[in-house]
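Scroll down for the structure; my scribbles are underneath it.
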Ligand SMILES: [Zn+2]
C-alpha cells in the first residue's frame, strides 16, 4: 500500500457538501480548511484535517509550502482531437472577418474536418498528446472530449479511438462524446437531410456498441442543425443508450435550451443567447448549463451568457474551456476562471465550484471527482499562491506548482511560493 501525505497546506479547498451538484449560495462554499493536511492511500483520499492532527505513519511527505491545494479541474466541454490548426483564420479574424463569414466561405469547422480526415490515427494521437500536456500543466486532470471533425462513420470512429488511446496512455482522463452532428459536411451541402439520416441510421447505431463514447452531442444552430433535426438526432441517441449534451443558443436564440429541457439532456452548453424563459426551462428540468466564456472572448464577441440569472434560478452552473482550434484555442481553466469573474460576474468561489464538483456531476463522476474529501480520487493541484482568489486575479500567469493524479505526481517543478 502506498501512502502520501500533503502537509503545510495554506488553504485546502475540499468542496465538501451534499452528494449532488451545488446550486445557489452553495456555489460559494468551498469548504476551505486552513493550515491543513491531506492523507492519501492507493490513489484515494483517506482523511483531511488540521496539519498535526492528520496521522500518517510511514507515508511519503509532500510540503505544500503554505500554498493552496484544490481539486484537479474537470473540463466538461472540449474538442481536443483535430488535424492542423486554424491559425490562418485567426489572422483573418484579426483583420475583421467574422466566424460565420469564414464558415460560409468553406473555412471554419470544415477546414479542420479536411485536415482531420487526411491525418492518420498516429498523427492525430501525437498532436493531441501535446494538448494533453497543456491541460495537465494548467491543473486539469479530467476532460470530456468530443469527436466531430470526421463527419463520416470511419473518421468519427478514428477520432474516438484516438481519445480512447489518449485515455489509456496519458495521465489525463478522457470521457468521450460522439459529435457526428457537428456540421453538415461539404459533400452533403445540397442534401443535408441525407447526412442527418446517416447520423441517425448508420452512425449512432454503430458507434454506441463500440463503447468508445458514452455521450452524444449536437451543434444546434442555424448554421448547423436546426431545432427539429436536433430533436430527431437526440431522440435516436437517447434510444441507443447515450447520455445527452447539447450545443445550444450560441450565436442565436433558437429555443435550444427549452429543447434540451424537454429531451432531458444532462447538459446544455454555450447558452450565450438563452433568455429568462430558457433558463426557467433548464431549471424545471434540472439540466446543468455548461458555460464557455473563452469562446466568446476568442471570437472577439461581447455577448456572454447570463451566469447570474442562471445561479439565481438555481442552476448548477459548470464552466469549461470549449478547447477547439477555431473558436476557443485554449486548454487553460485558470483563464476561464478569470473570464468568468470578469465577464460573467461570478465570484472566484462560484467559478471554482463550477469547474470542479459541478463539472464532475455533469459527467456523472461526482462520486469520484471534483472534491477533496475521504473516498474521492486524489486528483489535485498544489498552487504557488496563498489565497485561491489569486488564481483568476493574477490572470495570464500559470500559478500551478504541481499536479497529482490518483496520488501520483504528473506535473512538477513549477515555481512555488519560496522562489
Ligand atoms: Zn464546443
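Derivation of every value follows stated rules applied to the coordinates shown; laboratory data play no part. Keep in mind it's a predicted model, so treat the numbers as computed, not measured. Virtual Cβ from ideal backbone geometry, glycine too; neighbours counted across all protein chains shown.
Roughly what % of Cα-Cα distances in region 197-345 sit above 24 Å, to the whole percent?
32 percent
What does the extension gain come out to for residue 308 and residue 53, with contour length at 0.36 nm per residue minus their alpha carbon separation?
Taking residue 308 through residue 53 to full extension adds about 87.9 nm, to one decimal.
Using alpha carbons only, how many angstrom separate the centre of region 351-419 from the centre of region 285-311?
22 Å
Counting only C-alpha contacts under 8 Å and six or more residues apart, can you give the relative contact order of the chain as a whole percent?
Result for the chain is 21 percent.
Considering only 316, 237, 19, give the residue with the highest GNM mean-square fluctuation for the chain, with springs between Cα atoms whenever their separation is below 10 Å.
Among 316, 237, 19, the largest GNM mean-square fluctuation belongs to 19.
State the antiparallel share, in %, of DSSP beta bridges confined to the chain, rounding to the nearest 5.
45 percent
To the nearest whole percent, what portion of all C-alpha pairs in region 1-131 is separated by more than 22 angstrom?
61 percent
Rounded to the nearest 10 degrees, what's the angle between the helix 276-285 long axis and the longest principal axis of the chain, both from Cα atoms, 0 to 90?
Taking Cα atoms only, the helix is inclined about 70 degrees.
Taking 0.36 nm per residue of separation and subtracting the Cα-Cα distance, what length does fully extending residue 239 through residue 104 add?
Additional length available on full extension: 45.3 nm.
Angle, helix 227-240 long axis vs. longest principal axis of the chain, Cα atoms, 0 to 90°, nearest 10?
Taking Cα atoms only, the helix is inclined about 60 degrees.
Which ordering of 102, 32 is given by a fewest-first count of other beta-carbon atoms within 10 Å?
Going from sparsest to densest Cβ surroundings: 32, 102.
Rule-of-thumb check for region 168-248: C-alpha Rg over 2.2 N^0.38 Å?
1.12
Against the longest principal axis of the chain, how steep is helix 153-169, in degrees 0 to 90 to the nearest 10, with axes from Cα atoms?
Taking the Cα atoms of the chain, the angle to 153-169 is about 10 degrees.
Tell me whether region 270-404 comes out rounded, prolate or oblate; compute the Cα gyration tensor, take square roots of the eigenvalues as a ≥ b ≥ c, and use a/c under 1.5 as the rounded threshold.
Since a/c reaches 1.5 but b/c is at least a/b, the shape of region 270-404 is classed as oblate.
Quick one: plug the Kirkwood hydrodynamic radius of region 106-185 (C-alpha pairs) into Stokes-Einstein at 37 °C, 0.692 mPa s, and report D in µm²/s.
Stokes-Einstein gives a translational diffusion coefficient of 255 µm²/s.
Of 182, 343, how do they rank once you tally other Cβ atoms within 10 Å and put the fewest first?
Details: 182 26, 343 15.
Result, fewest neighbours first: 343, 182.
Take the alpha carbon atoms of region 91-113, find their center, do the same for region 53-87, and report the distance between the two centers in whole angstrom.
34 Å
Quick one: divide the alpha-carbon radius of gyration of region 48-207 by 2.2 N^0.38 Å and tell me what you get.
Relative to the rule-of-thumb radius for its length, region 48-207 sits at 1.36.
For region 181-262, calculate the relative contact order in percent as a whole number, restricting contacts to Cα pairs under 8 Å that are 6 or more residues apart.
30 percent
GNM on the chain, C-alpha springs below 10 Å: top fluctuator among 212, 92, 15?
92
What nm value, rounded to one decimal, do you get for the distance between residue 227 and residue 275 when each label is placed 7 Å out toward the C-beta?
My value for the distance between the label points is 1.1 nm.
Semi-axes of the equivalent ellipsoid for region 124-273, please: Cα gyration tensor eigenvalues, times 5, square-rooted, ordered largest first, whole Å.
Details: eigenvalues 127, 65, 42 Å².
They are 25, 18, 14 Å, listed largest first.
What is the log10 of I(q)/I(0) for the chain, computed with the Debye formula using one identical point scatterer on each Cα and no solvent, at q = 0.06, 0.08, 0.10, 0.12 Å⁻¹?
Reported log10 I(q)/I(0), two decimals: -0.23, -0.41, -0.64, -0.92.
For the chain, modelled as a GNM with alpha-carbon contacts under 10 angstrom, which of 50, 146, 376 fluctuates the most?
Among 50, 146, 376, the largest mean-square fluctuation in the Gaussian network model of the chain belongs to 50.
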